[in-house]
Amino acid sequence: MKHETNIPYKIYLSENEMPRNWYNVRADMKEKPAPLLHPATGVPMGYDDLRNVFCDELVRQELDDDTREIPIPQAVLDFYKMYRPSPLVRAYCLEETLQTPAKIYYKFEGNNTSGSHKLNSAIAQAYYAKQQGLTGVTTETGAGQWGTALSMACAYLGLDCKVYMVKCSYEQKPFRREVMRTYGASVTPSPSMDTAVGRKILSEHPGTTGSLGCAISEAVEAAASAPGYRYVLGSVLNQVLLHQSIIGLEAKAALDKYGIIPDIIIGCAGGGSNLGGLIAPFMGEKLRGLRDYRIIAVEPASCPSLTRGRFAYDFCDTGKVCPLAKMYTLGSGFIPSSSHSGGLRYHGMNSVLSQLYHDGYMEAISVEQTKVFEAAEYFARTEGILPAPESSHAIRAAIDEALHCKETGEDKTIVFGLTGTGYFDMAAYEKFHNGEMRDSIPTDEELERSFALLPSLQ
Ligand SMILES: *Cc1c(COP(=O)(O)O)cnc(C)c1O
């Protein structure tokens, strides 16, 4: 193996090398992301409009386009110390089996019980809720990683946690549900009869197995109608990208320690939080004209918001109760095919990433899920870690870039985000192993039908 003795296999930071501030990339953007608009009036929403739904400090962070560094509260730093820094791993074995001259690193966020990067924002959001003296928080979860992360954070801080879980996941992933209940959360399958929006969706679509957009509407309503509760969200929002900047700040500090400069940075993209977090400090350098990097977002071919979506104002949820965001979107009514197993199912993309993509600061590609699971299996067999299907989108792209380097003989340095582990996704792996996995790609006609329903205030 070509192990370079001057660079450790895994680069860790010591406790005093860990970042103490989150980095807000919006401060360095010339074209700021467009403001959130009120879903009924179309008027930009300010602090007072958003406070009923979100915690006060999180509203401030959501709206703050100017403060570059935001201090991480001591209690959050202390919690981070339980599972951070996360390792930056040199994928020597993967490089060797691919026979590539490329150098591949991955930032591994799966080393905590929730199994993904989502805990980085869950603890921050729960902390601000607690600070404000709230009783609890409500949220939605799809596959269950966010709900798990949030229930861990709430258990730690003594907050009540109410999770609306997309019904098909609730039924297909009973283990995730039980992990959340172990941490004291209450878990309701969505759509439910608990909320007006849930009852409406059930009467219009009896037998529906739910969607993320629908669970969001229910969680927002539940927060608004219970005193002392606020709604929290695990992706898509700017505040979540801010908290996730810890991933990129640690990765950059680890690389800087050994003088390593990446050429290509790759992340999977659902709502955009891990990608936005990983790339944040690198994008900052790019925006300030200090250095150039190739930055690649990888999304599923079955839910291709950046590569095939429209850059437009759209609803963030199916029930149209959330603010409108300007983003790359497939339309708030878009629901990816039920044969899609790889996560990353959200119809839109965070508005900061959407703006950066629109302005040409990053690239996006989409990959089919059979190719994603091929990469997942290859990675598990070479590097040992069983990756989450979501993370495996980034693995696929990293492998393809490394294979390209093999053709051209370039020894590029590739960094990708390995967002989590896949132990709860074995039903999808089973489908893949049995040769039963199909690629489902929406047709142009299907997308056009969905775009036709975009709100007409552009
Ligand atoms: C939620 C999740 C993602 C996608 O969410 P983003 O907000 O786009 O980062 C990716 N990987 C894992 C393991 C996840 O749990």
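The values are calculated or read from the model by the stated rules, or taken from the named source; none is laboratory data. Since the model is a prediction, treat every value here as computed from it, not as a measurement. With ideal geometry, Cβ positions are generated from the backbone for all residues, glycine too; neighbour counts draw on all protein chains shown. The area values use the complete protein model at the heavy-atom level, side chains included, leaving out ligands, DNA and RNA. Shrake-Rupley method; radii C 1.70, N 1.55, O 1.52, S 1.80 Å.
Just a few scattered comments:
- Portion, in percent, of the accessible area of segment 324-393 that falls on carbon or sulfur, probe 1.4 Å: 47 percent
- Charge sum, other residues only, whose C-beta stays under 10 Å from Asp263's C-beta, Lys/Arg counted +1 and Asp/Glu -1: -1
- Simple Cβ-charge dipole of segment 408-458, Lys/Arg +1 and Asp/Glu -1, about Cα centre, in debye nearest 20: 160 debye
- Most to least packed among 97-103, 21-27, 367-373 [average Cβ atoms within 10 Å]: 367-373, 21-27, 97-103
- The magnitude of the dipole of segment 323-378, with charges of +1 and -1 set on the Cβ of Lys/Arg and Asp/Glu and taken from the Cα centre, is near 260 debye.
- Per residue, segment 367-458 exposes 47 Å² of solvent-accessible protein surface, assessed with a 1.4 angstrom probe and all protein chains in place.
- The helix-only estimate of mean residue ellipticity at 222 nm for the chain, built from DSSP H runs of length n ≥ 4 each weighted as -39500 (n - 2.57), is -12500 deg cm²/dmol after division by the residue total.
- Whole-number accessible area per residue in Å² for segment 155-251, which is evaluated in the context of all protein chains at 1.4 Å: 38 Å²
- When only the Cβ of Lys, Arg, Asp and Glu is charged (+1, +1, -1, -1), the dipole of the chain relative to its Cα centre reaches about 620 debye.
- Only protein atoms count toward the accessible area here, which uses a 1.4 Å probe; on segment 1-93, the carbon and sulfur part of that area reaches 51 percent.
- Antiparallel content of DSSP bridges confined to the chain, in %, to 5: 35 percent
- Mean projection area, nm², convex hull over Cα of segment 1-133: 12.2 nm²
- Cα pair distances in segment 315-458, grouped into 10 Å bins until the bin that holds the longest one, percent each: 10, 32, 34, 20, 4, 0
- 3J(HN,Hα) couplings calculated from phi for segment 251-266 with the Karplus curve 6.51 cos²θ - 1.76 cosθ + 1.60 (θ = phi - 60°) are, in sequence order, 4, 5, 4, 5, 5, 4, 4, 10, x, 8, 10, x, 8, 10, 10, 10 Hz; Gly and Pro show x.
- Its residue count N sets the reference 2.2 N^0.38 Å, and the alpha-carbon radius of gyration of segment 75-223 equals 1.24 times that reference.
- Across q = 0.16, 0.18, 0.19 Å⁻¹, segment 202-308 modelled as identical point scatterers on its alpha-carbon atoms has Debye log10 I(q)/I(0) values of -0.85, -0.96, -1.02, in the order of the q list.
- FRET efficiency, Glu410 to Glu377 (Cβ-Cβ, R0 30 Å, nearest 0.05): 0.70
- Of every Cα-Cα pair in the chain, the percent that sits beyond 28 Å: 46 percent
- Ordering of 320-328, 390-398, 402-410 by packing [mean C-beta count within 10 Å, highest first]: 390-398, 320-328, 402-410
- What the phi angles of segment 299-304 give under the Karplus curve with 6.51, -1.76 and 1.60, with θ = phi - 60°, is a coupling list of 10, x, 4, 7, 9, x Hz, glycine and proline written as x.
- Since only Pro304, Ser192, His393 are under comparison, the one whose Cα sits farthest along the positive direction of the charge dipole of the chain, derived from C-beta charges on Lys, Arg, Asp and Glu, is Ser192.
- Residue among Ser339, Leu290, Gly319 farthest towards the positive dipole end of segment 250-383, charges placed on Cβ: Gly319
- Segment Arg20..Arg288, full-extension length gain: 94.3 nm, with 0.36 nm per residue of separation and the alpha-carbon distance subtracted.
- Of all DSSP beta bridges in segment 185-342, antiparallel share, percent nearest 5: 55 percent
- Order by protection proxy (mean Cβ within 10 Å, highest first), peptides 206-216, 237-247, 428-438: 237-247, 206-216, 428-438
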